[in-house]
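Data block below; observations after.
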Protein chains: 2
Amino acid sequence: MSRVTCPVVSERIMTAEEAVRFIRPGDNVGMSGFTGAGYPKAVPSALAARARAAHDAGEDFRIGLWTGASTAPQADGVLAEAHAIAKRLPYNSDPLLRRQINAGEVDYVDAHLSHSAQQMWFGFYGPLDVAVIEVTAILPDGLLVPGSSVGNNKTWLDQADRVILEVNHWQPRELEGFHDIYGGTALPPHRRPLTLTEPMQRIGEPYLKVDPAKVVAVVETREPDAGAAFSAPDDVSRAIADHALEFLRGEVGAGRMPPELLPLQSGVGNVANAVLQGLDDSEFTSLVAYTEVLQDGMLTLLDSGTLRAASTASFGLSREGMERFHAGIDGYKGRILMRSEEISNHPEVIRRLGVIAMNGMIEADIYGNVNSTHVMGSAVMNGIGGSGDFARNAYLNFFLTPSTAKGGAISTIVPMVSHVDHTEHDVHVIVTEHGLADLRGLSPRARAEQIIAHCAHPDFRPQLRDYLERALAARPDARHTPHLLGEALSWHQRYLDTGRM
Amino acid sequence: MSRVTCPVVSERIMTAEEAVRFIRPGDNVGMSGFTGAGYPKAVPSALAARARAAHDAGEDFRIGLWTGASTAPQADGVLAEAHAIAKRLPYNSDPLLRRQINAGEVDYVDAHLSHSAQQMWFGFYGPLDVAVIEVTAILPDGLLVPGSSVGNNKTWLDQADRVILEVNHWQPRELEGFHDIYGGTALPPHRRPLTLTEPMQRIGEPYLKVDPAKVVAVVETREPDAGAAFSAPDDVSRAIADHALEFLRGEVGAGRMPPELLPLQSGVGNVANAVLQGLDDSEFTSLVAYTEVLQDGMLTLLDSGTLRAASTASFGLSREGMERFHAGIDGYKGRILMRSEEISNHPEVIRRLGVIAMNGMIEADIYGNVNSTHVMGSAVMNGIGGSGDFARNAYLNFFLTPSTAKGGAISTIVPMVSHVDHTEHDVHVIVTEHGLADLRGLSPRARAEQIIAHCAHPDFRPQLRDYLERALAARPDARHTPHLLGEALSWHQRYLDTGRM
C-alpha cells in the first residue's frame, strides 16, 4: 500500500540521485537521525556520490550537516568518506567522521542537544537550506507520520528553505500514534510555559507538518536502521549497577525518593544496560522513563512491567531489539511516547519532573569535575549530547564508568580532568565497579576523599592520595581545591608519552 | 511606631544575646542575606561572642552557615573572626572567610544559586536547625514584610526547626508591596509549571510566612545594610561596555533581537556598571531587567527611564544608592519586584524569558571555557553564584573582563583555564577592552582564532598563537581542541613561580 497519499507531494517522488540536485555545495543541510535511528537512508549516499564527482572534477562540494544526534555509516559515514562535510553539529559518533574532526578537516560544534533547535531559530547557526527527513508515511492532507526518531525534525522542517522527504517502508506503519510533536515553540519574548507535568502527558500532535510547497523531492526507501550494538553486561558493569541500585534503595529508605523512584534517564552502552538489567532483577517496579534514547534494556523493562512507560526522542535499539519492538508494536502503543529533543531534553521539564539522570563518562577528577567528550584533552570522542541537559537539571545525577580503561593503563579517576563538560557544581554521584561517591553537599576536599576512597582503582589510590596531600602542602593559602598545576595533567601526558598513566 | 504587631510573636522580643541561646554548636543555620543586603545585623555578632567564649573555655562551637548569597562583615565577617563557621554554602565574598576557606579551615560548598533552595528541600544538605531572617516588619496576622533581599528566606523559614527574626527599623516600612514570594514550590513528582511569562508578573504574595510556633526570638535592630562599593567606570570598563553595546546593536540590526532587547541580567562591579551606564547613554530604551541583584547602575537606568522595570532577588547598592532608593521609594514601587532566588535564577524562567546574561569572570581560555571562581586553580575567589543559572539558560550570554590583571602580569585569556565553571558548550560571547569574540556556532579551533585576535591583550597574542600552532602540530590526530598538556597550565604555574605569566 502506498505510503505517499498526499496528491501534491506524490508528484515529486523521484530517485535519491535526482533529489540531491536540490542540494548545493555550501548548503546547510538538516538531516533526521538520532542514535542510529530514523536517519535518511538514500539521499546521503547519493549526495556523497555527487560530492565525489565534484571533487574529481576539481570542485569543492562540502555541506554543513546538522542532525538530531548521531546517525549511522549510511549517513555520516558515507558523507565523511566522500569528504563532503565541512561543519557538523550538534553530536556525532561516526568513527570516520570523528577521525576527520580530530584531523582538523571538519569543524565540529559540540552542543547541548536542548540548545541545538533553539539556537537554530535564534539564527546562531545561519540559515538552513535543505532538510532531509525520514518519515514513515505522508498522509493525504500532507501530515507526516514520523519514524524511529524525532530529534530536531520539527525544527528542520519548519526552518529549511527546501525539504526532501525519505519515506521508509521499513518503518512500521503502526508507528502512527507513537509521537507527540509539540508545536507551541516561540521565540522570546513570546514563549509560554510547557504544560508537561507527567512523562507520558501529550502536549502536541502525533504528526510532523511541512509546507507542501517546500517539498522538492520525495524518495522511497525500505532499509532498516543500522541500530546500536548491544553489549551484554559484564562483571564490571554489573558491579557498577549494583552500587547505583543500592544507593537508590538508600534514598528511598531515607525518604528522599518515592518507592517508584522518579523518571529515569539513561544513556547508552554497557553500563547503562547493566543498570537497567539490575532494575529489572530488583524489587523496583512501576518505574517510568523520561529520556532521550530508548535502548534494548528499556524495552526489556517495558516487557517485564518494571517500566510502565517511557518518553524518548529516539530508539537506540540493536537489530534484535528492533525486531522485538516491531513484533510487539501494538502492545507498546501508549507506553512509549516519542518527542522532539527540544522537549525530551528541556531544562524546564527535566527539573520539573525531577529526573534521575544516569550517564557514562570518560573520566572524573578527584574534585568531581567530569569529562564526557575528550580523550587526553584534545581529541573528541562523541560529544556532550544530552548529558548536560539532564545532569544540570536532574533531581539526582549519576556518572558511571569502569575505574580503568585500556586494560588498566588508564585511570578514569585523575587529579584533574583534561576537559570539563560537567563542573564540580553539577555532579552528584560518581560510580565505578569499586564503589560510589556521594558528592552532594560536600566541599571539594571532602569530595576528593570520597572519590579516591570509593571510586578509584586500588592501584591508583596511593598516587591520587599522594597528589592530594602534596597539593595541600604546597600552597597553604590555596586549599579549597588543592592542585599542583605543573603536575595536574601529567597523568594524561604520561599516557601519551608511555602508553600508561 | 511598632514594627512587631503580631501578639503571639511580640512576646518573644529579646536581645540578640538572649536569642543566640537557641543556636547550638553544630547547628545548621540559615541566614538571610544576598549581595550585602538584608542579612541579620545583631544575631551574628552575639553568636560570634558566644562561640569565642566557648572556644576560650576549650569547647568547640562552629555552625553550618547557609545564606542567600554573600552577606557582610557584620555577618560572615564576625562569625569568621570568631572561627565559628565549619561549613558554608552557597556563596561567599567575605575576605576573612575566604582566607579561612582557602586555608582549609572552612568547608565551602560553592553551589548554583538556583540549586541551593531545592537541594535543601531534597535533603541533600541535612536538616536546617535554625533560621535567622531579617525582615522589615511583622504584621498582626504574623505575615512578614521582607527587607532588602529575599534570597533563600522563604525556604529557610519553611524548613527550619526554630526561627529567629530580626526586625530592622532601618529598612523602609514602604518596602511592603515590593516583593513577590512564590509559594507553589513542591517536590517532584508534584511540581507544576511556573506561570511567569513576563519579568514583572506577580505569581506569589508580597509577604513571607512563618509558623508563629517556630519563632523562638524576635530581635529589633536599626542598622543599615553594609552595601556594595560602587566603582565608577574607568577607560577599560568603558571600552568593554562599548564592544558589548555595539554587538547588541548588531543583533537588533540583524533581526535577532527586538529593539527593546530582551530581559537583562547583569552582575556586579565595575564592568557591569559600565555596561549599564553605556546603555543609559545609548539609544536603547524601555528595557527590562530579570536579574538576581539590582546595583546602582540599574537604579540610574530606572531613574532615567532607560529601564522601565526590574525583577531581582536583592539590592546590591552603595550607601549613596540606598539613600537614593529610600528617598524615591514610592516612585520605584511597581517598577522593582523582589523574588526568591529560586525564582530569580530559575532555569525554566530564564530560558522562557530569553534573558541576556552579562557576567564578569576571572579568566577564559582560547577555546571558550570560563573560570569564574578560582585564582590559579586552587584558591576560591567568591563562587559561581547565579552565573551558571543565567549563562546556561540565557538567550545570549556575555562574559566580560579586562584582558589583563595585576598591572599586566596576568593575562585573563590563557591556553587552558585553571578551573572550569562555564564550559565551551555554554559560552556565547567573550569581551575585553580590546574587542569581542562571538563564539556562537563555532568549533573550538575557530573560537580560538576569534578569542586570540579580538580579546587577548596584544602583548600576549603571539604567545597564545604560538601555543595554538604548536598544539596543532604536536598531535595531528587530536586537533579538535588542540592542547599541549605539559604546557596548558604553565602560564599559571609561571605566575605562581615568578609573579608574571
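Yes or no: B:A226 in a loop (DSSP other than H, G, I, E, B), farther than 27 Å from B:D281 by Cβ and not assigned by the TED database to the domain that holds B:A69? Criteria met by B:A226. Mind checking which residues of segment A:250-263 are out of contact with any helix residue (DSSP H, G or I) (no Cβ under 8 Å at 6 or more places or on another chain) and touching a residue at least 24 places away in the same chain (Cβ under 8 Å)? Across segment A:250-263, the qualifying residues are A:E251, A:E260. Of everything in segment B:197-213 that is surrounded by fewer than 15 Cβ atoms within 10 Å (Cβ to Cβ) and over 23 Å from the mean Cα position of the chain (by Cα), the residue that is nearest to B:P347 (Cα to Cα) is B:E205.
Restricting to segment A:311-331, name every residue that is out of contact with any helix residue (DSSP H, G or I) (no Cβ under 6 Å at 6 or more places or on another chain), of a type outside the set (V, I, T) and closer than 20 Å to A:L196 by Cβ. Listed by number, the residues that qualify are A:S311, A:S314.
Any residue in segment A:220-238 that is within 14 Å of chain B (Cβ to nearest Cβ), of a type in the set (A, V, I, L, M) and touching a residue at least 60 places away in the same chain (Cβ under 8 Å)? No, segment A:220-238 has no match at all. Candidates A:D438, A:D426, A:D389: the one that is farther than 30 Å from B:E487 by Cβ, in contact with a helix residue (DSSP H, G or I) (Cβ under 6 Å, 6 or more places away or on another chain) and in the same structural domain as A:H480 (by the TED database) is A:D389. Each residue in segment B:350-376 was checked for being within 10 Å of chain A (Cβ to nearest Cβ) and either aliphatic (A, V, I, L, M) or in contact with a Pro (Cβ under 9 Å, 6 or more places away or on another chain) (or both), and 10 pass.
Counting the residues of segment A:168-196 that are surrounded by fewer than 16 Cβ atoms within 10 Å (Cβ to Cβ) and either in contact with a Phe, Trp or Tyr (Cβ under 8 Å, 6 or more places away or on another chain) or within 30 Å of A:T221 (Cα to Cα) (or both) gives 5. Per the conditions (1) more than 29 Å from B:L468 (Cβ to Cβ); (2) within 11 Å of chain B (Cβ to nearest Cβ); (3) in contact with an Asp or Glu (Cβ under 6 Å, 6 or more places away or on another chain); (4) not charged (D, E, K, R), the sole criterion not satisfied by A:G386 is (2). Keeping to segment B:394-444, report how many residues are of a type in the set (K, R) and in contact with a His (Cβ under 6 Å, 6 or more places away or on another chain). Result for segment B:394-444: 1. Within segment B:293-311, residues that are under 18 Å from B:E323 (Cβ atoms) reach partners that are surrounded by fewer than 24 Cβ atoms within 10 Å (Cβ to Cβ) and of a type in the set (K, R) with beta carbons closer than 7 Å, at six or more positions or on different chains, in the pairs B:L299/B:R324; B:L302/B:R335. Only a single criterion out of (1) in contact (Cβ under 8 Å) with a residue 60 or more places away in the chain; (2) in a loop (DSSP other than H, G, I, E, B) is not satisfied by B:A186, namely (1).
Scanning segment A:70-88 for residues that are within 14 Å of another protein chain (Cβ to nearest Cβ) and either basic (K, R) or buried (at least 23 other Cβ atoms within 10 Å of the Cβ) (or both) yields A:I85, A:K87, A:R88. Confirm whether B:G177 is away from every other protein chain (no Cβ under 14 Å), more than 30 Å from A:P263 (Cβ to Cβ) and of a type in the set (G, A, S). Taking the combined requirement at face value, the residue satisfies it.
Tell me whether segment B:143-155 contains one or more residues that are under 28 Å from A:P258 (Cα atoms), of a type outside the set (K, R) and within 14 Å of chain A (Cβ to nearest Cβ). Looking for residues that are under 28 Å from A:P258 (Cα atoms), of a type outside the set (K, R) and within 14 Å of chain A (Cβ to nearest Cβ), one finds none in segment B:143-155, hence no.
The residue that is farthest from the other protein chains (Cβ to nearest Cβ), among those in segment A:105-121 that are out of contact with any strand residue (DSSP E or B) (no Cβ under 8 Å at 6 or more places or on another chain) and farther than 20 Å from A:A48 by Cα, is A:A117. Restricting attention to segment A:37-69 and to residues that are in contact with a strand residue (DSSP E or B) (Cβ under 7 Å, 6 or more places away or on another chain) and among the hydroxyl-bearing types (S, T, Y), the residue that is surrounded by the fewest Cβ atoms within 10 Å (Cβ to Cβ) turns out to be A:T67. Every test in (1) of a type in the set (A, V, I, L, M, F, W, C); (2) buried (at least 22 other Cβ atoms within 10 Å of the Cβ); (3) modelled with pLDDT under 95 is passed by A:A16 save one, and that test is (3).
The values are calculated or read from the model by the stated rules, or taken from the named source; none is laboratory data. All of these numbers come straight from a predicted model, not from anything done at the bench. In this analysis, Cβ positions are derived from the backbone assuming ideal geometry, glycine residues included, and neighbour counts consider all displayed protein chains.
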